[in-house]
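One structure below.
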Amino acid sequence: MRMFRSRTTRAVTAAVAVGLIATGCASERGKDGDKGGAKDTFVFAGAGDPGSLDPALASDGETFRVTRQAFEALLEHEPGGTKLVGGLAEKWSSNPAGTVWTFNLRKNVTFHDGEKFNAAAVCANYDHWFNWKGTYQSSAVSYYWQAIMGGFAKNEDPEAPKANYKSCTAKDENTAVIEVDRPSANLPGGFSLQALAIHSPKALKEYEKQAASGKGDAITYPKYSQEAGTVAGTGPYKITKWNKGNKEVTLTRFDGYWGDKAKVKNLVFRTIDTEEGRRQALQAGDIDGYDLVSPADVKTLKGQGYQVPTRDVFNLLYLGMTQEKNPALKKPQVRQAIAYAMDRENIVKTQLPEGGKLATQFMPDTVAGWSDKVTKYSFDTDKAKQLLKAAGESSLKVEFCYPTEVTRPYMPAPQDIFELIKADLEKAGITVVPKPLKWSPDYLDATEAGACALHMLGWTGDFNDGYNFIGTWFAEYDKQWGFKDPAVFAAVTDASKQVDPAKRVASYKKANETIMAYLPGVPISSSPPAIAFGKNVNPPKVSPLTQENFAEVSFT
Amino acid sequence: MTAGTNRTQAGKESDAGDGSKERGESQGSKGSQGAKGSQGSGGAAGTAGTAGAVATGRAAKIDRLAELTRRTGATVGNSLWKEAFRRLRSNRMAVIGAVVIALFVVVAVVGPWVTPYSPTAQTWRGEVLANQGKFVGARGENWFGLDHLGRDMFSRMLVGARQTLLVGVVSMLIGLLLGALIGTLSGAAVTLGGRAGRRIDTVVMRVIDILLSLPSLLLAVSIAAVMGQSLTTVMIAVGVVQIPVFARLLRGSMLAQGGADYVLAAKALGIRRKRIVLTQILPNSLSPVIVQATLSLATAIIEAAALSYLGLGNPDPAVPEWGVMLSQAQRFFDNAPMMAVYPAVGIIITALGFTLLGEAMREALDPKLRG
Amino acid sequence: MLRLVVRRLLQLIPTLLGLSVLLFLWLNRLPGGPASAILGERATEADVARINRALGLDQPVWVQYGRFLKRVVQLDLGTSTQTGQPVWDEFVLRFPATVELSVAAMLIAVAAGIPLGYLAARRRGGWLDVTAVSGSLIGICVPVFFLALLLKGVFAVGLGLFPSYGRLSTGLDATGVTGFAVLDGLLTGEFDATWDALVHLVLPAVTLASIPLAVIVRMTRASVLEVVGEDYVRTAESKGLEKRVVRVRHVLRNALLPVVTAVGLLTGSLLSGAVLTESVFSFGGIGSFIRTSIDARDYPVLVGFIMFIAMVYVLINLLVDLAYSLIDPRVRVH
């Protein structure tokens, strides 16, 4: 590379290299970023490769972690919090019906490719998504668009959801108006999603040129989303290289950024598959930070001088029950007995990172709509036994599925948590038949199809709206739960239809109380996903939504 | 995969030591020992045919082990085993291996009756805080300390030995029995069946060769996916991977015997072919199978550990099994290394014991290697 | 010789056809599909059904097989459901890493295994023998994932001698030519890149070498023992030839023939067997990709990979046979 200009130098270096190899000694050289004086590269390790460089085509956190540094949405969350604040739109408002959304856009914003950001650019994006065809209409590709805005201009699959998006108009240079058909609980939160981040219109034209290589029985991601060069957003970093073989994405500071410029010049995201691997890489100095830290490592790493800031909780782990799978679960006493039998406090105390919280309802206490008046079921083995007896189920036998080979932000050690719950249930006289399933896809398939009487699942919120939690589960009949209770369904859907924010929060509280009285399952805990940084790093503000902004990072 | 696959393959590779001479021979021109005319392996590689090319390498090595019987069986006859046993006793590797195995079996058999505590009860649950890196090491009441859920490690190790042995033996038996069945059928078909028999043999061996060329992890994981996760699945998955090895081995061994002088003599005496196969050829072909069975035990134990690492082990993780314990303990290696070291050492020593004994047995059976 | 090559290549066709039929029948029995792997806990039943339809997975298996055959004839292995990229591109991208790792592991195994095996045989029954044999056997007996953990703990975290993961350091802007990191550096004159790649190779290669090492030690040992007993060696010794000449020319040379074969075949098996090593070291090769493909039910990748490995096996077998005939003049391949 660049350092070797003359042939002689090369020859000499080669000789030295061969000599070193021959003696088998490893020099101290070769550590990241140590060469060339001041450290100008920050390396962060995730657990998986991103799927695409275009966030609109993704639905997974690893992809969003990377793209979030380069793309911004109309709305954002306050740094380190869950409150909606202006992003590319400085201000926003809606009509009382919640169907017309007006955005006052930020001025003097440019895209990485030099294009100017304005209302026309915003509408170009929304229309681009709305007019997707072929492969793009698969929910594997456009999950979030469909979740927030429904279907497309022309739905090719009769079973695709009905479109809710109506139009986007550029009222003037800096005012965009987005209209939808029906009010939705997903708005305005949805406008903050990374999947709906704004791309440069020039890039969009290029995307469209490469579009739709749907060859019948394959979902092919377009080329632009697989290599750096085409995608362009407005963020503090621009994506400059994706080396798939080396599992790393490189981003470089965007000097034309409208806000505070990134402090470190290069930002690299690498993939290290295993938990131990990421920890060892940090300890060996190969990386400057990593996510999905095992709770067992938090204290150790802190003790060794690493920084492991605590995120606020924004997720939920629950014990799911499928009533249709085991009819005994249809009896309220049985469900209550299970709730009383579980020592959830102990799970929080021994399994979750510091800051973990016992869950009393199906949303974390950081979400607006959390109620302190719900029915609580505190650990009481005797009471559980009594309830079982009263229900005539003293010799209850129940199948309990748990996932293997996975850790989720809300569920750091699934197998250990399973073992603890199992021991608790057995103490109350319930016979547990354990059924391990590989997380992907066996476990996910089985739980979703209602094949597991008891199971553990959870959710990390996308934005701060109660519907994003309880609406996911209890808005209508769902095989995973296998029950029909009009009171619960009505409480949840009614809440989502409230347009006024304050009223909506109040009805979410009511809904939570209704749900916990019915007790479809047992909420267990909310866990703060740990994130670790090197000793010489000024870490970014950690976000409960795991939306860290790496432009804030610097070295000490 | 996995370690498992790697390991198994290594097991297979190793089991027949230097197999390649036969390759040379089967290709047509005889090598140094060619004059003896090893019909067995020649035939083997020959029928391997198309698919055989895929797996000839491993196959040839299995055949090599098979051929050893012919040499020994023909010359020494029944005193072979006595002779081999005498040589085994004077072999250090064999003695070490045998002692290790004996210890392991004793622990596995009596272990569950002598455990100081219940291996599954989370008796000291409150004392271990996995999320804060607080573990309990060896102490008066818990000789090996506690595991991450407050269970007694020593009791778990004792009981785990039985599980581990069970998985090893059962999966080896699955491989052995099914493999032997296929191998015998194939071998008998060649010896008895004339042209049709040879054709059957060709087809069977081709399927076996395809199986040999598949990465065994893929096989094991997909078996687990279809059958659901359980200890039975692990045994079957590990066992199925061994089937082609045993099948090839026994078939090759029988073919080699088929050309031996005593078979010729029996034929000349007018004894019925079926009878020759069952009373003469089959019993004489078994010794390499026994050697392979010993080696397979080691492979099976390690393979099972790898499957546990992939989360395919016993559905109830409370039931102790060394492989599961090791893969669980890895997460806490920084804070509680001993939690991983105990089961790791258990697995290593046991596997080593079986491998040493198996190796020594093979050597003892091979007259060429007599010192 | 040409006939052999042609015949072997022709034999490849029925083998691959048979394999692919078996594979399709088998994969069809697997529960679950790629949809939930893509969407995680967000997948709803309707999503899963729609994705399966888009991938043609709702069709009967013979229809799927027909489509597969049609594609294969057009030299198209299909598209990965995980990455949305052509399977062939994914292989080309990842195969060099695996080859590099396997070759490095094999070099280590050969360099250490042959001398050890030879010495063990010469001191047969002695403590050196027992140590060498059982020492190499331990390699087989330590579960790979545990060995990797230990090696990293000591050499990467503890001593800081080697990097703990990956193929190249970050920020090392090496030019890609062939995809082989070591080779690329040499070709472009970026020797620091070559050096960096070599340093990254050490730990994974040693981990992976633990298996073939044991095999080679045992094989060399057995083979040397056998050759030492041969008449021609005794003849040479009684002729009064210098001991060293006998050892090198007669014993070692003949004893190594089977080892050479084994090395070839072992390399083949490493190519398909480096799955766990690659995952543990995040080595970005084909092995770890296969592991995630199993989880993601990425059928096109799995089918393509197995067919590919079968092909590699056949080719390596062929090469070994050819090499064998070159080394041993007595063997002439027809």
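The values are calculated or read from the model by the stated rules, or taken from the named source; none is laboratory data. It should be emphasised that the depicted structure is a prediction, and the values quoted were computed from it without experimental measurement. Cβ atoms come from the backbone with ideal geometry, glycine included; neighbour counts cover every protein chain shown. Areas reflect the complete protein model, heavy atoms only, side chains present, ligands, DNA and RNA absent. Shrake-Rupley method; radii C 1.70, N 1.55, O 1.52, S 1.80 Å.
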3J(HN,Hα) from dihedral phi, region A:101-110, Karplus parametrisation 6.51/-1.76/1.60, rounded to Hz, x for glycine, proline
10, 10, 10, 8, 7, 5, 9, 6, 10, 10
Taking a quarter of the surface of the convex hull around the Cα atoms of the protein assembly as shown, what do you get in nm²?
50.3 nm²
Taking amide H atoms as placed 1.01 Å from N in the peptide plane, list the residues 5 or more away in sequence, or in a different chain, whose amide H sits under 5 Å from that of A:V433.
A:V398, A:E399, A:F400
For A:E208, the accessible surface traced by a 1.4 Å probe with all protein chains present amounts, in square angstrom to the nearest 10, to 100 Å²
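Computed over the Cα atoms of region B:92-369, what is the convex hull's projected area averaged over all directions, in nm²? Walk me through the numbers before you get to the answer.
Values: hull surface 70.5 nm².
Mean orientational projected area (region B:92-369, Cα hull): 17.6 nm².
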Taking H as built 1.01 Å from N, whose amide H comes closer than 5 Å to the amide H of A:V537, not counting residues under 5 places away?
A:T556
Among C:L30, C:L107, C:L208, which one shows the highest mean-square fluctuation when chain C is modelled as a Gaussian network with alpha-carbon springs under 10 Å?
C:L30
Return the sequence-ordered ³J(HN,Hα) values of region B:325-330 in whole Hz as given by the Karplus equation 6.51 cos²θ - 1.76 cosθ + 1.60 applied to θ = phi - 60°, using x for Gly and Pro.
4, 5, 5, 5, 6, 3
Of C:G287, C:G56, C:G135, which is the most mobile in a GNM of chain C whose springs link Cα atoms less than 10 angstrom apart?
C:G56
In terms of Cα to Cα distance under 27 Å, which lysines are near enough to A:K107, apart from those fewer than 8 places away along the same chain?
A:K83, A:K91, A:K116, A:K166, A:K171, A:K202, A:K205, A:K238, A:K261, A:K263, A:K265, A:K541
Counting Lys and Arg as +1 and Asp and Glu as -1, each charge on the Cβ, what is the dipole of chain A about the Cα centre in debye, to the nearest 20?
800 debye
Residues of A:281-290, mean number of Cβ from any other protein chain within 10 Å of their own Cβ, rounded to a whole number?
5
Dmax and Rg, reported as Rg then Dmax, of chain C (C-alpha, Å):
23.8, 84
Using alpha carbon centers only, region B:258-294 is separated from region C:220-247 by a whole-angstrom value of 35 Å
Over chain C, relative contact order from alpha-carbon pairs under 8 Å, at least 6 apart, %
26 percent
With equal scatterers on the alpha carbons only and no solvent term, can you work out the Debye log10 of I(q)/I(0) for region B:83-165 at 0.22 1/Å?
-0.95
What does the convex hull of the alpha-carbon atoms of region A:97-252 project to on average, in nm²?
10.1 nm²
Descending principal axes extents, region B:176-320, alpha-carbon based, whole Å
62, 27, 19
The simple spin-label model distance between A:K162 and A:K205, using points 7 Å out along Cα→Cβ, in nm, is 3.7 nm
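Using a 1.4 angstrom probe with every protein chain in place, what is the largest-first accessible-area order of C:I138, C:I114? Could the numbers behind the result be given before it?
Numbers: C:I138 70, C:I114 35 Å².
From most exposed to least exposed: C:I138, C:I114.
Which whole number of Å³ per residue matches the convex hull of the alpha-carbon atoms in chain A? Don't skip to the end; give the middle numbers.
Values: hull volume 96.3 nm³, N = 556.
So the per-residue hull volume is 173 Å³.
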Here, chymotrypsin sites (Phe, Trp or Tyr not before Pro) of region A:397-480 satisfying both criteria (DSSP loop; at most 14 other Cβ within 10 Å) are A:Y477
Extending each Cα 7 Å along its Cβ direction at B:E127 and C:L4, get the distance between those two points in nm, one decimal.
6.7 nm
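Considering only DSSP beta bridges with both partners in chain A, what is the antiparallel share in %, to the nearest 5? Could you put the intermediate results ahead of the total?
Numbers: 50 of 68 bridges.
Taking every DSSP beta bridge with both residues in chain A, the antiparallel ones total about 75 percent.
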Ignoring ligands, DNA and RNA, how do A:Y402, C:Y299 rank by accessible area with a 1.4 Å probe, largest first?
C:Y299, A:Y402
Leaving out ligands, DNA and RNA but keeping every protein chain, what accessible area does B:R199 have, in Å² rounded to the nearest 10, with a 1.4 Å probe?
150 Å²
Spatially proximal aspartates and glutamates relative to A:K162 (Cα-Cα < 19 Å; intrachain offsets below 8 disregarded)
A:D127, A:E179, A:D181, A:E476, C:E45, C:D47
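Nearest 0.05, what FRET efficiency do A:D260 and A:A506 give at R0 = 41 Å with Cβ-Cβ as r?
Values: r = 38 Å, r/R0 = 0.92.
E(calc), rounded to 0.05, equals 0.65.
Please compute the average number of Cβ atoms from other chains found within 10 Å of each residue's Cβ in peptide A:293-301. Don't skip to the answer; put the middle values down first.
Values: counts 0, 5, 6, 14, 6, 3, 6, 5, 2.
Going residue by residue through A:293-301 and averaging, the value is 5.
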Rounded to one decimal in nm, the spacing of the 7 Å Cα→Cβ label points at A:A368 and B:A102 is 7.7 nm
Ranked highest first by average number of other Cβ atoms within 10 Å, how do B:263-272, C:13-22 line up?
C:13-22, B:263-272
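Among the DSSP beta bridges whose two residues both lie in the protein assembly as shown, what percent are antiparallel, rounded to the nearest 5?
Numbers: 53 of 71 bridges.
The antiparallel proportion sits near 75 percent.
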Could you work out the relative contact order of chain A? I mean the mean sequence separation of Cα pairs under 8 Å and 6+ apart, divided by the number of residues, in percent.
19 percent
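Which trypsin sites (Lys or Arg not before Pro) from region A:369-476 combine a DSSP loop assignment with at most 16 other Cβ atoms within 10 Å?
On the way: sites: A:K373, A:K376, A:K383, A:K385, A:K389, A:K397, A:K422, A:K427, A:K438; in loops: A:K373, A:K376.
Here the sparse-neighbourhood loop sites are A:K373, A:K376.
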Just subtract the alpha-carbon distance of A:K349 and A:N155 from 0.36 nm times their residue separation and send over the number in nm, one decimal.
64.9 nm
R0 = 45 Å: FRET efficiency of A:V177 with A:K484, Cβ-based, nearest 0.05?
0.70
For C:280-292, what's the mean count of beta carbons from other chains sitting within 10 Å of each residue's beta carbon?
5
Suppose R0 equals 60 Å; then what is the FRET efficiency for C:L150 and A:T169 from their Cβ-Cβ distance, rounded to the nearest 0.05?
0.40
Given the C-alpha atoms of region A:407-498, compute the convex hull and give its volume per residue in Å³.
126 Å³
What is region A:301-394's relative contact order, in percent, from Cα pairs under 8 angstrom and six or more apart in sequence?
38 percent
Those GluC sites (Glu not before Pro) in region C:188-271 that DSSP places in a loop and that have at most 11 other beta carbons within 10 Å:
C:E242
For region A:90-95, in residue order, the Karplus 3J(HN,Hα) values (coefficients 6.51, -1.76, 1.60; θ = phi - 60°; whole Hz; Gly and Pro = x) are 6, 9, 8, 7, 9, 6
Less than 20 Å from a label point 7 Å out along the Cα-to-Cβ axis of A:T375: which backbone N atoms in region A:384-401 qualify, by residue?
A:384-394
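I'd like to compare A:327-333, C:42-48, B:358-364: which one has the highest average count of other Cβ atoms within 10 Å, and what's the full order after that? Provide the component values of the computation, followed by the final result.
Values: A:327-333: 16.6, C:42-48: 19.3, B:358-364: 25.4.
Listed from highest to lowest mean packing, they are B:358-364, C:42-48, A:327-333.
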